[in-house]
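Only one structure is covered here, and it is reproduced in the block below.
Rule-based calculations on the coordinates, nothing more; no lab input. Since we're looking at a predicted model, the values are computed, not measured. Cβ: placed from backbone, ideal geometry, glycine included. Neighbour counts: every protein chain shown.
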Amino acid sequence: MAARGRPRAFDRNAALHLALEVFWEKGYQGAQVSDLTAAMGINPPSFYAAFGSKAAVFQEVVDLYGTTVGAGPMQALEAPGPLAAAIRLMLERSIGVALQSPSGGCLLVLGGVNCQAEHQPAEDRLKAARRASTIQVGKRLERGIRDGELPAKTDVRALAAFYCGVMQAISFQARDGASKRALEGLIAPALAALA
């Protein structure tokens with residue numbers, strides 16, 4: 001049976017990338033449907049037909065961010081070589097992500113700041129993404145213990161939380177206008193935690 005109605009006159013994937021930029025700049029609560037439709041170059045009925053709601057498109061945007069722009073830092077953990085090099089690369093890539101957007105920062109960190117109670121599902125989605133990052137860092141640290149790069153008694157949970165906290169600090173400082181050089185100054189002290 002043939003589909004009814006007019007075919008979409010826009011590229012849905014391209015529209016998602018544009019929505020990502022809006023949410024990255026304004027956060028979930030600050031981004032209005034009118035901001036999204038203006039960025040995508042579509043009207044509200046087309047937006048709702050394609051995405052269903054602002055909340056639904058945000059969920060897709062968070063997934064897109066995690067597999068595109070935001071993937072680099074976590075991919076660094078899988079790089080061959082010593083643990084310290086992987087952590088350094090993760091932090092360097094976090095800086096790159098934080099400076100990539102004109103508004104600065106990381107969507108996963110800043111996208112839900114100060115969300116009101118009715119927007120809790122959006123905040124919960126961001127928290128889940130951040131927890132997944134902490135778990136991934138923890139797994140790399142555990143590998144460091146198995147490889148003899150960290151003492152067996154290392155508190156992996158605390159150290160993973162620390163490194164994710166450093167990435168969040170990078171995000172907030174980038175939003176505040178910190179330079180690449182200033183952000184890179186955070187790396188050496190962070191790596192000292194491995195000693």
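Can you find even one residue in the range 105-113 that is among the β-branched types (Val, Ile, Thr) and either under 20 Å from the mean Cα position of the chain (by Cα) or closer than 26 Å to ALA55 by Cα (or both)? Outline the logic, then answer.
Taking the range 105-113 as the starting set, the residues that turn out to be among the β-branched types (Val, Ile, Thr) are 109, 113.
Next, from what is left, pick out any that are either under 20 Å from the mean Cα position of the chain (by Cα) or closer than 26 Å to ALA55 by Cα (or both): 109, 113.
Scanning the range 105-113, I find at least one residue that is among the β-branched types (Val, Ile, Thr) and either under 20 Å from the mean Cα position of the chain (by Cα) or closer than 26 Å to ALA55 by Cα (or both), so the answer is yes.
Could you tell me how many of the residues in the range 28-56 are of a type in the set (S, T, N, Q), exposed (fewer than 14 other Cβ atoms within 10 Å of the Cβ) and under 24 Å from LEU110 (Cα atoms)?
Quick first cut of the range 28-56, residues of a type in the set (S, T, N, Q) only: 29, 32, 34, 37, 43, 46, 53.
In the following step, the residues that additionally are exposed (fewer than 14 other Cβ atoms within 10 Å of the Cβ) were identified as 32, 34, 43, 53.
Pick out the ones that are also under 24 Å from LEU110 (Cα atoms) and you get 32, 34, 53.
Counting residues in the range 28-56 that are of a type in the set (S, T, N, Q), exposed (fewer than 14 other Cβ atoms within 10 Å of the Cβ) and under 24 Å from LEU110 (Cα atoms) gives 3.
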